[in-house]
Amino acid sequence: MGDVDKVVVYVDGGSRGNPGDSAFGVYACDSEDTPIAAFGGFLGTMTNNQAEYSALLAALEWAQSEGVQELHVRSDSQLMVRQMKGQYKVKSPNLRPLFEDAVQRADQFARFTIEHVYREGNVEADKLANLAMDSRGSVRGLP
């Protein structure tokens with residue numbers, strides 16, 4: 001197994017209807033690209049962007065609990081990635097508290113990076129979010 005101090009995590013949030021039934025998915029790999037965690041959860045009714053931030057927050061919380069030092073996040077939410085990088089302002093009052101929580105948590109890592117990937121590059125996290133939406137509950141395990 002690779003170094004779990006350095007982790008790449010894929011996150012995805014989705015909403016059926018906007019707002020509507022929402023869920024998140026998180027898929028994590030170690031430094032050698034070996035899957036080490038996969039989970040998701042139903043969030044209730046919220047917007048797609050709120051679900052995306054909820055996915056990021058779940059990943060940050062998990063990584064902190066695992067003692068990860070260097071975290072690299074990949075997301076297909078261009079809005080969230082650009083907001084986290086400071087390229088876009090957070091204008092939505094619904095997103096601001098989620099954004100502030102994410103920034104505070106991200107600052108706790110020795111190294112935190114985030115990048116946008118296209119949907120095709122985020123298949124596992126998307127699959128977990130959809131499973132959680134379908135079951136209206138939590139999902140665990142590698143898909």
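What follows draws every value from the coordinates through simple rules; no lab data is involved. For clarity, every value in this text was computed on a predicted model and none was experimentally measured. Glycine also receives a Cβ, built like all others from the backbone with ideal geometry; neighbour counts cover every protein chain displayed.
Stretching the chain fully between ARG119 and GLN87 yields a gain of 9.4 nm (0.36 nm per residue, less the alpha carbon separation).
How do GLU70, GLU115, GLU32 line up, fewest other C-beta atoms within 10 Å first?
Values: GLU70 16, GLU115 13, GLU32 10.
Taking fewest neighbouring Cβ atoms as first place, the list is GLU32, GLU115, GLU70.
In plain terms, the residue of ILE114, ILE36 with the fewest other Cβ atoms within 10 Å comes first and the most crowded comes last, giving ILE36, ILE114. Label zone of GLN108 (point 7 Å out along Cα→Cβ, amide N under 11 Å): in region 55-78 this covers 60-68.
For region 6-140, the dipole from Cβ point charges (+1 on Lys and Arg, -1 on Asp and Glu) about the Cα centre works out to 480 debye, to the nearest 20. Report, for the chain, the % of DSSP beta bridges that are antiparallel, rounded to 5. Of the beta bridges lying entirely in the chain, close to 65 percent run antiparallel. Loop-resident chymotrypsin sites (Phe, Trp or Tyr not before Pro) (DSSP state other than H, G, I, E or B) in region 59-121 with no more than 10 further Cβ atoms inside 10 Å of their Cβ: TYR118. Here the spin labels are modelled as points 7 Å beyond Cα on the Cα-Cβ line, and at ARG96 and ASP33 they lie 4.2 nm apart.
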